[in-house]
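Chemist: Structure in C-alpha coordinates, see below.
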Amino acid sequence: MVLKVLTGNYAVAEAVKLARVDVVAAYPITPQTSIVEKLAEYIESGELEAKMIRVESEHSALAAVFGAAIAGARAFTATSSQGLLYMHEWVHWVSRARIPVVMAIVTRAIGTPWNIWPDHADFLDQRDTGWIMSFAMDNQEVLDLTIQAFKISEDPRVYLPVMIGLEGFILGHTSMPVDVPDPDKVAEWLGPRRQPYVIDGSKPWALGSLAWPEETEEMFMDIQKAMEESKKVIVEVDEEYGRLFGRKYGGLIACHRCSDAKYHIVSMGAWSGDIIESIELLRNEGYPVGLIRIRYVRPFPDKEIYGIVSNSRAVIVFDRAISYGSMGPLYMDLVAGLTKYTRKLPYMRNIIAGIGGVNITYQDFYKLIKETIDSLEKGVEPPVFTWYHRRG
Amino acid sequence: MTKLVIVESKYKIPLALPKIGAAGKTGLWRLERPVVDTSKCTRCFQCEIYCPANVIRVDKEKGAMINYDYCKGCGICANVCPAKAITMVKEGE
(Lines give C-alpha, C1' and ligand atoms only; values in the text may rest on other atoms or scores of the structure.)
Protein backbone atom coordinates (compact mmCIF):
# COMPACT_ATOMS: atom_id res chain seq x y z
CA MET A 1 0.00 0.00 0.00
CA VAL A 2 1.32 3.40 -1.04
CA LEU A 3 -0.37 6.57 0.13
CA LYS A 4 -0.03 9.49 -2.27
CA VAL A 5 -1.48 12.95 -1.89
CA LEU A 6 -3.50 13.32 -5.06
CA THR A 7 -6.05 15.69 -6.55
CA GLY A 8 -9.07 13.99 -8.11
CA ASN A 9 -7.61 14.66 -11.54
CA TYR A 10 -4.26 13.12 -10.60
CA ALA A 11 -6.10 10.15 -9.10
CA VAL A 12 -7.68 9.59 -12.53
CA ALA A 13 -4.27 9.84 -14.22
CA GLU A 14 -2.74 7.46 -11.66
CA ALA A 15 -5.51 4.92 -12.30
CA VAL A 16 -5.14 5.22 -16.07
CA LYS A 17 -1.41 4.60 -15.68
CA LEU A 18 -2.15 1.53 -13.53
CA ALA A 19 -4.53 0.27 -16.24
CA ARG A 20 -1.58 0.50 -18.68
CA VAL A 21 -3.55 2.19 -21.43
CA ASP A 22 -2.04 2.16 -24.90
CA VAL A 23 -3.58 5.35 -26.28
CA VAL A 24 -4.70 8.67 -24.84
CA ALA A 25 -6.30 11.29 -27.08
CA ALA A 26 -7.50 14.52 -25.56
CA TYR A 27 -8.17 18.17 -26.04
CA PRO A 28 -7.63 20.53 -23.10
CA ILE A 29 -10.59 22.00 -21.24
CA THR A 30 -10.95 23.33 -17.72
CA PRO A 31 -11.29 21.61 -15.25
CA GLN A 32 -10.17 18.37 -16.94
CA THR A 33 -6.81 19.47 -18.35
CA SER A 34 -4.56 18.39 -15.50
CA ILE A 35 -5.56 14.73 -16.09
CA VAL A 36 -4.10 14.61 -19.57
CA GLU A 37 -1.22 16.90 -18.62
CA LYS A 38 -0.24 14.36 -15.97
CA LEU A 39 -0.66 11.48 -18.43
CA ALA A 40 1.55 13.34 -20.92
CA GLU A 41 4.19 13.61 -18.18
CA TYR A 42 3.96 9.86 -17.49
CA ILE A 43 4.38 9.12 -21.19
CA GLU A 44 7.28 11.59 -21.51
CA SER A 45 9.10 10.05 -18.53
CA GLY A 46 8.47 6.50 -19.73
CA GLU A 47 6.37 5.57 -16.70
CA LEU A 48 3.51 4.87 -19.10
CA GLU A 49 4.10 3.25 -22.46
CA ALA A 50 1.36 4.85 -24.50
CA LYS A 51 0.71 7.09 -27.47
CA MET A 52 -0.67 10.55 -26.81
CA ILE A 53 -2.67 11.78 -29.77
CA ARG A 54 -3.09 15.52 -29.81
CA VAL A 55 -6.24 16.50 -31.63
CA GLU A 56 -7.95 19.73 -32.63
CA SER A 57 -11.21 19.15 -30.75
CA GLU A 58 -13.06 16.90 -28.33
CA HIS A 59 -15.08 15.51 -31.24
CA SER A 60 -11.80 14.23 -32.69
CA ALA A 61 -10.51 13.17 -29.28
CA LEU A 62 -13.22 10.57 -28.79
CA ALA A 63 -13.11 9.63 -32.49
CA ALA A 64 -9.38 8.93 -32.14
CA VAL A 65 -9.93 6.94 -28.96
CA PHE A 66 -12.64 4.96 -30.76
CA GLY A 67 -10.33 4.23 -33.67
CA ALA A 68 -7.56 3.11 -31.34
CA ALA A 69 -10.00 0.94 -29.40
CA ILE A 70 -11.36 -0.89 -32.43
CA ALA A 71 -7.74 -1.48 -33.47
CA GLY A 72 -7.22 -3.32 -30.17
CA ALA A 73 -5.80 -0.65 -27.88
CA ARG A 74 -6.85 0.11 -24.34
CA ALA A 75 -7.74 3.77 -24.79
CA PHE A 76 -8.76 6.70 -22.62
CA THR A 77 -9.87 10.31 -22.82
CA ALA A 78 -11.19 12.95 -20.46
CA THR A 79 -13.26 16.06 -20.90
CA SER A 80 -15.72 18.51 -19.33
CA SER A 81 -18.78 20.58 -20.12
CA GLN A 82 -18.66 22.19 -23.59
CA GLY A 83 -16.02 19.66 -24.67
CA LEU A 84 -18.28 16.77 -23.70
CA LEU A 85 -21.18 18.36 -25.54
CA TYR A 86 -19.00 18.82 -28.61
CA MET A 87 -18.07 15.11 -28.59
CA HIS A 88 -21.66 14.02 -27.94
CA GLU A 89 -22.09 12.46 -31.40
CA TRP A 90 -19.16 10.15 -30.73
CA VAL A 91 -20.37 9.35 -27.23
CA HIS A 92 -23.34 7.61 -28.87
CA TRP A 93 -21.23 6.08 -31.62
CA VAL A 94 -18.83 4.33 -29.23
CA SER A 95 -21.52 2.64 -27.14
CA ARG A 96 -23.58 1.57 -30.16
CA ALA A 97 -20.44 0.01 -31.66
CA ARG A 98 -20.08 -1.90 -28.35
CA ILE A 99 -16.40 -1.06 -28.01
CA PRO A 100 -14.84 -0.84 -24.54
CA VAL A 101 -13.49 2.65 -23.79
CA VAL A 102 -13.04 4.62 -20.57
CA MET A 103 -13.55 8.36 -20.21
CA ALA A 104 -13.41 10.68 -17.20
CA ILE A 105 -15.81 13.60 -16.98
CA VAL A 106 -14.68 16.35 -14.65
CA THR A 107 -18.02 18.05 -14.34
CA ARG A 108 -18.57 21.73 -15.00
CA ALA A 109 -21.64 23.85 -15.61
CA ILE A 110 -22.75 24.34 -19.20
CA GLY A 111 -22.50 27.85 -20.71
CA THR A 112 -23.71 30.39 -21.42
CA PRO A 113 -23.05 32.39 -19.19
CA TRP A 114 -19.44 31.20 -19.13
CA ASN A 115 -18.82 29.31 -15.93
CA ILE A 116 -16.12 26.86 -14.83
CA TRP A 117 -17.69 25.70 -11.54
CA PRO A 118 -19.17 22.27 -11.03
CA ASP A 119 -22.68 20.91 -11.29
CA HIS A 120 -23.94 17.69 -12.90
CA ALA A 121 -25.56 19.11 -16.05
CA ASP A 122 -22.85 18.04 -18.50
CA PHE A 123 -22.59 14.54 -17.03
CA LEU A 124 -26.30 13.82 -16.79
CA ASP A 125 -26.84 15.17 -20.29
CA GLN A 126 -25.19 11.89 -21.41
CA ARG A 127 -27.65 9.60 -19.69
CA ASP A 128 -29.32 8.33 -22.89
CA THR A 129 -26.08 7.43 -24.64
CA GLY A 130 -25.69 3.79 -23.60
CA TRP A 131 -22.57 4.35 -21.49
CA ILE A 132 -22.13 2.89 -18.03
CA MET A 133 -21.96 6.01 -15.85
CA SER A 134 -20.33 6.08 -12.44
CA PHE A 135 -19.79 9.03 -10.14
CA ALA A 136 -17.29 9.41 -7.30
CA MET A 137 -17.61 11.02 -3.88
CA ASP A 138 -13.91 11.47 -3.10
CA ASN A 139 -10.49 11.09 -4.69
CA GLN A 140 -9.94 7.55 -3.40
CA GLU A 141 -13.16 6.50 -5.05
CA VAL A 142 -12.11 8.33 -8.23
CA LEU A 143 -9.02 6.12 -8.44
CA ASP A 144 -10.91 2.95 -7.59
CA LEU A 145 -13.79 3.63 -10.02
CA THR A 146 -11.38 4.44 -12.85
CA ILE A 147 -9.46 1.17 -12.46
CA GLN A 148 -12.74 -0.75 -12.17
CA ALA A 149 -14.13 1.01 -15.26
CA PHE A 150 -11.64 -0.84 -17.49
CA LYS A 151 -12.60 -4.18 -15.95
CA ILE A 152 -16.34 -3.55 -16.37
CA SER A 153 -16.12 -2.08 -19.87
CA GLU A 154 -14.05 -4.99 -21.20
CA ASP A 155 -16.27 -7.68 -19.66
CA PRO A 156 -17.91 -9.64 -22.53
CA ARG A 157 -21.18 -9.57 -20.57
CA VAL A 158 -21.05 -5.77 -20.82
CA TYR A 159 -18.98 -4.50 -23.77
CA LEU A 160 -20.09 -0.93 -23.22
CA PRO A 161 -17.94 2.15 -22.64
CA VAL A 162 -17.73 3.53 -19.12
CA MET A 163 -17.54 7.14 -17.96
CA ILE A 164 -16.47 8.23 -14.48
CA GLY A 165 -17.79 11.52 -13.14
CA LEU A 166 -16.09 13.74 -10.61
CA GLU A 167 -16.81 17.35 -9.80
CA GLY A 168 -14.34 19.88 -11.11
CA PHE A 169 -12.28 21.67 -8.44
CA ILE A 170 -14.18 20.14 -5.47
CA LEU A 171 -12.49 16.83 -6.31
CA GLY A 172 -10.60 17.62 -9.49
CA HIS A 173 -8.24 20.16 -7.94
CA THR A 174 -8.42 19.33 -4.23
CA SER A 175 -5.91 16.95 -2.69
CA MET A 176 -6.37 14.08 -0.28
CA PRO A 177 -4.29 11.03 0.62
CA VAL A 178 -5.11 8.23 -1.81
CA ASP A 179 -4.11 4.61 -1.39
CA VAL A 180 -2.55 3.57 -4.70
CA PRO A 181 -2.58 -0.20 -5.23
CA ASP A 182 0.38 -2.24 -6.42
CA PRO A 183 0.81 -1.78 -10.21
CA ASP A 184 1.53 -5.43 -10.96
CA LYS A 185 -1.42 -6.57 -8.91
CA VAL A 186 -3.71 -4.19 -10.82
CA ALA A 187 -2.29 -5.30 -14.18
CA GLU A 188 -2.80 -8.93 -13.24
CA TRP A 189 -6.37 -8.31 -12.13
CA LEU A 190 -7.33 -6.32 -15.23
CA GLY A 191 -5.71 -8.93 -17.49
CA PRO A 192 -5.39 -8.56 -21.24
CA ARG A 193 -7.45 -6.10 -23.24
CA ARG A 194 -10.74 -7.76 -24.20
CA GLN A 195 -13.07 -6.64 -26.99
CA PRO A 196 -15.58 -8.27 -29.33
CA TYR A 197 -13.82 -7.52 -32.64
CA VAL A 198 -10.68 -5.86 -33.95
CA ILE A 199 -9.66 -4.06 -37.11
CA ASP A 200 -6.19 -5.38 -37.85
CA GLY A 201 -6.35 -5.93 -41.59
CA SER A 202 -6.66 -9.70 -41.31
CA LYS A 203 -10.27 -9.79 -42.40
CA PRO A 204 -12.38 -7.16 -44.18
CA TRP A 205 -15.51 -5.91 -42.44
CA ALA A 206 -17.58 -2.79 -42.23
CA LEU A 207 -18.72 -1.01 -39.09
CA GLY A 208 -21.74 1.24 -39.14
CA SER A 209 -23.13 0.28 -42.53
CA LEU A 210 -26.86 0.47 -43.23
CA ALA A 211 -29.06 -1.84 -41.15
CA TRP A 212 -32.77 -2.51 -41.49
CA PRO A 213 -35.05 -1.11 -38.78
CA GLU A 214 -35.57 -4.53 -37.18
CA GLU A 215 -31.83 -5.29 -37.06
CA THR A 216 -31.15 -1.84 -35.67
CA GLU A 217 -33.75 -2.26 -32.96
CA GLU A 218 -32.36 -5.67 -32.01
CA MET A 219 -28.88 -4.16 -31.56
CA PHE A 220 -30.30 -1.42 -29.34
CA MET A 221 -32.33 -3.96 -27.35
CA ASP A 222 -29.03 -5.71 -26.69
CA ILE A 223 -27.60 -2.50 -25.19
CA GLN A 224 -30.51 -2.49 -22.76
CA LYS A 225 -29.87 -6.18 -21.97
CA ALA A 226 -26.16 -5.48 -21.43
CA MET A 227 -27.05 -2.61 -19.08
CA GLU A 228 -29.17 -5.00 -17.01
CA GLU A 229 -26.41 -7.61 -17.03
CA SER A 230 -23.79 -5.01 -16.10
CA LYS A 231 -25.45 -4.61 -12.69
CA LYS A 232 -24.18 -8.07 -11.75
CA VAL A 233 -20.75 -7.31 -13.18
CA ILE A 234 -20.49 -4.01 -11.27
CA VAL A 235 -21.27 -5.74 -7.96
CA GLU A 236 -18.90 -8.60 -8.77
CA VAL A 237 -16.08 -6.19 -9.67
CA ASP A 238 -16.70 -4.15 -6.51
CA GLU A 239 -16.44 -7.31 -4.40
CA GLU A 240 -13.36 -8.67 -6.18
CA TYR A 241 -11.65 -5.31 -5.89
CA GLY A 242 -12.54 -5.21 -2.22
CA ARG A 243 -10.97 -8.63 -1.63
CA LEU A 244 -7.80 -7.75 -3.56
CA PHE A 245 -7.28 -4.10 -2.71
CA GLY A 246 -9.20 -3.62 0.51
CA ARG A 247 -11.97 -1.24 -0.55
CA LYS A 248 -15.53 -2.28 -1.27
CA TYR A 249 -18.22 0.35 -1.76
CA GLY A 250 -21.46 -1.61 -2.16
CA GLY A 251 -21.86 -1.78 -5.94
CA LEU A 252 -24.32 0.54 -7.62
CA ILE A 253 -25.12 2.44 -4.44
CA ALA A 254 -23.35 3.20 -1.18
CA CYS A 255 -25.35 3.54 2.01
CA HIS A 256 -24.75 5.54 5.15
CA ARG A 257 -26.93 4.69 8.17
CA CYS A 258 -29.66 3.37 5.88
CA SER A 259 -30.75 0.23 7.68
CA ASP A 260 -32.50 1.82 10.69
CA ALA A 261 -33.45 5.07 8.91
CA LYS A 262 -37.06 6.12 8.42
CA TYR A 263 -36.15 9.02 6.18
CA HIS A 264 -33.81 8.55 3.25
CA ILE A 265 -31.72 11.04 1.33
CA VAL A 266 -30.63 10.22 -2.23
CA SER A 267 -27.65 12.02 -3.74
CA MET A 268 -24.67 11.65 -6.06
CA GLY A 269 -21.16 13.08 -6.01
CA ALA A 270 -18.90 15.01 -3.69
CA TRP A 271 -21.63 16.78 -1.74
CA SER A 272 -22.72 13.39 -0.41
CA GLY A 273 -19.85 13.90 2.05
CA ASP A 274 -21.51 17.09 3.29
CA ILE A 275 -24.82 15.25 3.51
CA ILE A 276 -23.15 12.58 5.68
CA GLU A 277 -21.96 15.33 8.03
CA SER A 278 -25.45 16.80 8.26
CA ILE A 279 -26.89 13.32 8.87
CA GLU A 280 -24.47 12.84 11.78
CA LEU A 281 -25.70 16.09 13.33
CA LEU A 282 -29.33 15.12 12.79
CA ARG A 283 -28.75 11.64 14.20
CA ASN A 284 -27.34 13.25 17.35
CA GLU A 285 -30.66 15.07 17.64
CA GLY A 286 -32.60 11.83 17.16
CA TYR A 287 -33.63 12.18 13.52
CA PRO A 288 -33.71 8.67 11.95
CA VAL A 289 -32.17 9.64 8.63
CA GLY A 290 -29.79 7.87 6.26
CA LEU A 291 -28.10 8.45 2.91
CA ILE A 292 -28.30 6.41 -0.28
CA ARG A 293 -25.53 7.55 -2.55
CA ILE A 294 -25.84 6.77 -6.25
CA ARG A 295 -22.50 5.46 -7.52
CA TYR A 296 -23.84 4.34 -10.87
CA VAL A 297 -26.51 6.36 -12.59
CA ARG A 298 -26.43 4.02 -15.62
CA PRO A 299 -27.50 1.33 -15.14
CA PHE A 300 -29.87 3.06 -12.73
CA PRO A 301 -30.09 1.28 -9.36
CA ASP A 302 -33.88 1.47 -8.99
CA LYS A 303 -34.26 -2.07 -7.63
CA GLU A 304 -31.37 -1.56 -5.19
CA ILE A 305 -32.88 1.68 -3.89
CA TYR A 306 -36.36 0.17 -3.74
CA GLY A 307 -34.96 -2.49 -1.41
CA ILE A 308 -34.09 0.30 1.03
CA VAL A 309 -36.89 2.85 0.68
CA SER A 310 -39.85 0.46 0.40
CA ASN A 311 -40.84 1.24 3.99
CA SER A 312 -39.44 4.74 4.10
CA ARG A 313 -41.58 7.60 5.45
CA ALA A 314 -40.04 10.02 2.99
CA VAL A 315 -37.28 10.27 0.42
CA ILE A 316 -35.46 13.49 -0.45
CA VAL A 317 -33.55 13.47 -3.73
CA PHE A 318 -30.89 16.17 -4.14
CA ASP A 319 -30.20 16.92 -7.78
CA ARG A 320 -27.30 19.02 -9.01
CA ALA A 321 -28.85 19.25 -12.50
CA ILE A 322 -32.27 20.04 -13.89
CA SER A 323 -34.21 19.04 -16.96
CA TYR A 324 -35.71 22.46 -17.65
CA GLY A 325 -39.49 22.32 -17.71
CA SER A 326 -39.47 19.11 -15.67
CA MET A 327 -37.45 18.10 -12.60
CA GLY A 328 -34.08 16.73 -11.48
CA PRO A 329 -32.74 13.78 -13.53
CA LEU A 330 -32.02 11.56 -10.49
CA TYR A 331 -35.49 12.22 -9.09
CA MET A 332 -37.20 11.42 -12.38
CA ASP A 333 -35.24 8.19 -12.78
CA LEU A 334 -35.92 7.15 -9.23
CA VAL A 335 -39.67 7.82 -9.24
CA ALA A 336 -40.06 6.13 -12.62
CA GLY A 337 -37.86 3.21 -11.56
CA LEU A 338 -39.71 2.62 -8.27
CA THR A 339 -43.02 2.25 -10.10
CA LYS A 340 -41.66 -1.03 -11.50
CA TYR A 341 -41.77 -2.46 -7.96
CA THR A 342 -44.60 -0.72 -6.14
CA ARG A 343 -47.80 1.27 -6.54
CA LYS A 344 -47.30 2.89 -3.14
CA LEU A 345 -44.51 5.42 -3.27
CA PRO A 346 -43.45 7.23 -0.11
CA TYR A 347 -43.57 11.02 -0.09
CA MET A 348 -40.72 11.98 -2.41
CA ARG A 349 -39.21 15.42 -2.48
CA ASN A 350 -36.88 16.77 -5.17
CA ILE A 351 -34.51 19.56 -4.19
CA ILE A 352 -32.43 21.14 -6.95
CA ALA A 353 -29.33 22.94 -5.64
CA GLY A 354 -25.72 23.76 -6.36
CA ILE A 355 -26.40 24.66 -9.99
CA GLY A 356 -23.65 26.66 -11.71
CA GLY A 357 -21.32 25.71 -8.87
CA VAL A 358 -23.24 27.43 -6.05
CA ASN A 359 -21.60 26.16 -2.88
CA ILE A 360 -23.92 24.04 -0.74
CA THR A 361 -22.62 23.13 2.69
CA TYR A 362 -23.54 20.64 5.39
CA GLN A 363 -25.45 23.46 7.12
CA ASP A 364 -27.71 23.80 4.07
CA PHE A 365 -28.38 20.06 4.01
CA TYR A 366 -28.93 20.05 7.75
CA LYS A 367 -31.51 22.82 7.43
CA LEU A 368 -33.30 21.37 4.37
CA ILE A 369 -33.51 17.82 5.76
CA LYS A 370 -34.58 18.97 9.22
CA GLU A 371 -37.27 21.31 7.83
CA THR A 372 -38.66 18.54 5.64
CA ILE A 373 -38.83 15.99 8.45
CA ASP A 374 -40.26 18.50 10.99
CA SER A 375 -42.95 19.52 8.54
CA LEU A 376 -43.89 15.93 7.69
CA GLU A 377 -44.03 15.00 11.40
CA LYS A 378 -46.59 17.80 11.80
CA GLY A 379 -48.58 16.34 8.91
CA VAL A 380 -47.68 19.04 6.40
CA GLU A 381 -46.07 17.94 3.15
CA PRO A 382 -43.53 20.45 1.81
CA PRO A 383 -43.66 21.13 -1.93
CA VAL A 384 -42.49 18.12 -3.92
CA PHE A 385 -40.32 20.30 -6.13
CA THR A 386 -37.99 22.96 -4.72
CA TRP A 387 -35.12 24.86 -6.31
CA TYR A 388 -32.97 25.85 -3.35
CA HIS A 389 -30.87 28.90 -4.08
CA ARG A 390 -28.72 31.04 -1.84
CA ARG A 391 -26.10 33.77 -2.10
CA GLY A 392 -22.92 34.17 -0.09
CA MET B 1 0.99 -2.75 -26.06
CA THR B 2 -1.43 -4.42 -23.67
CA LYS B 3 -2.10 -7.96 -24.81
CA LEU B 4 -5.32 -8.22 -26.82
CA VAL B 5 -7.83 -11.04 -26.63
CA ILE B 6 -10.89 -11.16 -28.86
CA VAL B 7 -13.78 -12.57 -26.83
CA GLU B 8 -17.00 -12.67 -28.80
CA SER B 9 -20.18 -11.73 -27.02
CA LYS B 10 -23.78 -12.87 -27.31
CA TYR B 11 -24.79 -9.35 -28.28
CA LYS B 12 -25.63 -8.16 -31.77
CA ILE B 13 -22.95 -5.76 -32.98
CA PRO B 14 -23.23 -3.44 -36.01
CA LEU B 15 -20.56 -5.21 -38.05
CA ALA B 16 -21.00 -6.31 -41.64
CA LEU B 17 -18.84 -8.70 -43.62
CA PRO B 18 -18.42 -7.96 -47.33
CA LYS B 19 -20.33 -10.20 -49.74
CA ILE B 20 -20.80 -10.00 -53.49
CA GLY B 21 -24.32 -8.98 -54.43
CA ALA B 22 -25.64 -8.30 -50.92
CA ALA B 23 -28.25 -5.97 -52.46
CA GLY B 24 -29.11 -8.26 -55.41
CA LYS B 25 -28.08 -7.95 -59.08
CA THR B 26 -27.82 -4.18 -59.23
CA GLY B 27 -26.89 -4.33 -62.93
CA LEU B 28 -30.64 -4.43 -63.56
CA TRP B 29 -30.74 -0.70 -62.86
CA ARG B 30 -28.59 0.01 -65.95
CA LEU B 31 -29.91 2.21 -68.76
CA GLU B 32 -26.68 2.31 -70.77
CA ARG B 33 -24.07 -0.42 -71.10
CA PRO B 34 -20.32 0.23 -71.46
CA VAL B 35 -18.92 -1.79 -74.35
CA VAL B 36 -15.17 -2.35 -74.65
CA ASP B 37 -13.35 -2.41 -77.95
CA THR B 38 -10.50 -4.68 -76.86
CA SER B 39 -8.46 -3.86 -79.95
CA LYS B 40 -8.22 -0.26 -78.75
CA CYS B 41 -7.71 -1.13 -75.04
CA THR B 42 -4.12 -0.41 -73.93
CA ARG B 43 -4.46 -2.18 -70.55
CA CYS B 44 -3.81 1.08 -68.70
CA PHE B 45 -6.14 0.11 -65.80
CA GLN B 46 -7.78 3.56 -65.60
CA CYS B 47 -11.29 2.08 -65.94
CA GLU B 48 -10.60 -0.52 -63.23
CA ILE B 49 -9.23 2.15 -60.91
CA TYR B 50 -12.09 4.61 -61.44
CA CYS B 51 -15.05 2.20 -61.51
CA PRO B 52 -17.11 3.15 -58.40
CA ALA B 53 -18.83 -0.26 -58.37
CA ASN B 54 -15.52 -2.17 -58.57
CA VAL B 55 -16.83 -4.38 -61.43
CA ILE B 56 -14.02 -3.95 -63.97
CA ARG B 57 -10.95 -6.13 -64.17
CA VAL B 58 -8.24 -5.53 -66.75
CA ASP B 59 -6.78 -8.76 -68.05
CA LYS B 60 -3.40 -8.70 -69.77
CA GLU B 61 -4.68 -10.89 -72.63
CA LYS B 62 -8.34 -9.88 -72.92
CA GLY B 63 -8.24 -6.23 -71.88
CA ALA B 64 -10.97 -4.57 -69.75
CA MET B 65 -13.70 -6.98 -68.66
CA ILE B 66 -16.92 -5.72 -67.11
CA ASN B 67 -19.21 -7.69 -64.82
CA TYR B 68 -22.63 -6.66 -66.12
CA ASP B 69 -24.41 -8.33 -63.17
CA TYR B 70 -23.42 -5.33 -61.05
CA CYS B 71 -22.41 -2.57 -63.52
CA LYS B 72 -24.97 0.22 -63.21
CA GLY B 73 -23.89 1.98 -66.39
CA CYS B 74 -22.63 5.21 -64.85
CA GLY B 75 -20.23 5.78 -67.76
CA ILE B 76 -17.20 6.83 -65.73
CA CYS B 77 -15.06 4.16 -67.43
CA ALA B 78 -15.98 5.46 -70.87
CA ASN B 79 -15.14 8.98 -69.69
CA VAL B 80 -11.73 8.17 -68.24
CA CYS B 81 -10.57 5.79 -70.98
CA PRO B 82 -7.62 7.60 -72.66
CA ALA B 83 -7.83 5.28 -75.70
CA LYS B 84 -11.57 5.89 -76.15
CA ALA B 85 -11.99 2.12 -76.16
CA ILE B 86 -15.27 2.17 -74.18
CA THR B 87 -18.58 3.39 -75.61
CA MET B 88 -21.94 3.61 -73.89
CA VAL B 89 -24.69 1.76 -75.69
CA LYS B 90 -28.41 2.03 -74.77
CA GLU B 91 -29.71 -1.13 -73.15
CA GLY B 92 -31.94 -3.14 -75.49
CA GLU B 93 -30.08 -1.94 -78.58
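The values are calculated or read from the model by the stated rules, or taken from the named source; none is laboratory data. All of these numbers come straight from a predicted model, not from anything done at the bench. Every residue, glycine as well, gets a Cβ built from its backbone with ideal geometry; the counts of neighbours run over all protein chains shown. Just the protein is used for accessible areas: all its heavy atoms, side chains included, with ligands, DNA and RNA removed. Shrake-Rupley method; radii C 1.70, N 1.55, O 1.52, S 1.80 Å.
Chemist: Quick one: of the DSSP bridges fully inside chain A, what percent are antiparallel, nearest 5?
Modeler: 25 percent
Chemist: For the stretch A:356-369, just list the computed ³J(HN,Hα) in residue order, Karplus coefficients 6.51, -1.76 and 1.60, θ = phi - 60°, integers in Hz, with x standing in for Gly and Pro.
Modeler: Working through the residues one at a time gives x, x, 4, 7, 10, 10, 4, 5, 5, 5, 4, 5, 5, 5 Hz.
Chemist: Okay, next question. Under the 0.36 nm per residue contour assumption, what length would be gained going from the current alpha-carbon distance of A:Lys4 and A:Thr112 to full extension?
Modeler: 35.2 nm
Chemist: Beyond 16 Å, what percent of the Cα pairs of the stretch A:296-348 remain?
Modeler: Percentage above 16 Å: 39.
Chemist: Based on alpha-carbon atoms only, what is the radius of gyration of the stretch A:1-74 relative to the globular estimate 2.2 N^0.38 Å?
Modeler: Output field value: 1.09.
Chemist: In Å and whole numbers, how far do the C-alpha atoms of chain B stretch along each principal axis, longest first?
Modeler: That works out to 55, 33, 21 Å along the principal axes.
Chemist: If you wrap the stretch A:295-392's Cα atoms in a convex hull and average its projection over all directions, what's the area in nm²?
Modeler: The Cα convex hull of the stretch A:295-392, projected and averaged over all directions, gives 7.1 nm².
Chemist: What shape does the stretch A:79-212 take by its C-alpha gyration tensor, where a ≥ b ≥ c are the square roots of the eigenvalues and a/c under 1.5 counts as rounded, a/b above b/c as prolate, and the rest as oblate?
Modeler: Oblate, because a/c is 1.5 or more while a/b does not exceed b/c.
Chemist: Follow-up. Quote the Stokes-Einstein diffusion coefficient, in whole µm² s⁻¹, for the stretch A:2-245, based on the Kirkwood radius over alpha carbon pairs, a temperature of 10 °C and a viscosity of 1.306 mPa s.
Modeler: Rounded, D is 88 µm²/s.
Chemist: Do you know the relative contact order of the stretch B:36-90, to the nearest whole percent, from alpha carbon pairs under 8 angstrom that are 6+ apart?
Modeler: Once normalised by length, the contact order is 41 percent.
Chemist: In square angstrom, what is the accessible area per residue of the stretch B:36-90 with a 1.4 angstrom probe?
Modeler: Using a 1.4 Å probe on heavy atoms only, each residue of the stretch B:36-90 averages 63 Å².
Chemist: Which distance in nm do the two modelled labels at B:Val80 and B:Lys10 give, with both placed 7 Å along the Cα-to-Cβ direction?
Modeler: Computed distance between label sites B:Val80 and B:Lys10 equals 4.8 nm.
Chemist: On the principal axes of its Cα set, how long, how wide and how thick is the stretch A:322-365? Give whole Å, largest value first.
Modeler: For the stretch A:322-365, the Cα spread along each principal axis is 36, 24, 12 Å.
Chemist: Here's another thing I want to ask about it. For the protein assembly as shown, divide the Cα radius of gyration by the Kirkwood radius and give the resulting Rg/Rh value with two decimals.
Modeler: Result for the protein assembly as shown is an Rg/Rh of 1.12.
Chemist: Tell me, what ³J(HN,Hα) does each residue in the stretch A:205-212 have, in order and in whole Hz, if you take phi through Karplus 6.51 cos²θ - 1.76 cosθ + 1.60 with θ = phi - 60° and put x for Gly and Pro?
Modeler: Working through the residues one at a time gives 7, 10, 10, x, 7, 4, 10, 5 Hz.
Chemist: When the Kirkwood hydrodynamic radius is evaluated over all pairs of different C-alpha atoms of the stretch B:36-90, what value in angstrom, to one decimal, is obtained?
Modeler: 11.0 Å
Chemist: Below 8 Å, C-alpha to C-alpha, sequence gap of six or more: please give me the relative contact order for chain A in percent.
Modeler: Normalised by residue count, the contact order of chain A is 16 percent.
Chemist: Give the lysines whose C-alpha is closer than 21 Å to that of A:Lys185, dropping any in the same chain fewer than 8 places away, or say none.
Modeler: A:Lys4, A:Lys17, A:Lys151, A:Lys248, B:Lys3
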